């Protein structure tokens, strides 16, 4: 591999990471698991609370993570507002400022697509 190729690839990864970190994901999102997610982004760090419904949900969860390369890496855990108690990791791609897609899910996480409301 040439030195120029390696430098170019590294520069592109840095640009992609900075571009995604510049996207502000803060807001209310709908998941394809019928959930509502409230996301707050602080620079490259993301926090969220998600729930199936506001009253008597089967599940509710929190997540915390940060941008890494061109993806968002999150650790998530259910909270006792719902009956399910799981946890795991999510890796999301930012398809656009209003669309997220999971490319990796552990712990039985149900959602895989989120759309900003």
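State the Cα centre-to-centre distance between region 96-117 and region 37-93 in whole Å.
Each part's Cα centre sits 10 Å from the other's.
Region 42-117: D in µm²/s via Stokes-Einstein (Kirkwood Rh, Cα pairs, 4 °C, 1.567 mPa s)?
After rounding, the answer is 101 µm²/s.
Quick note: the coordinates plus some simple rules give every number you see, no bench work behind them. Just so you know, these numbers come straight off a predicted model, no measurement behind them.
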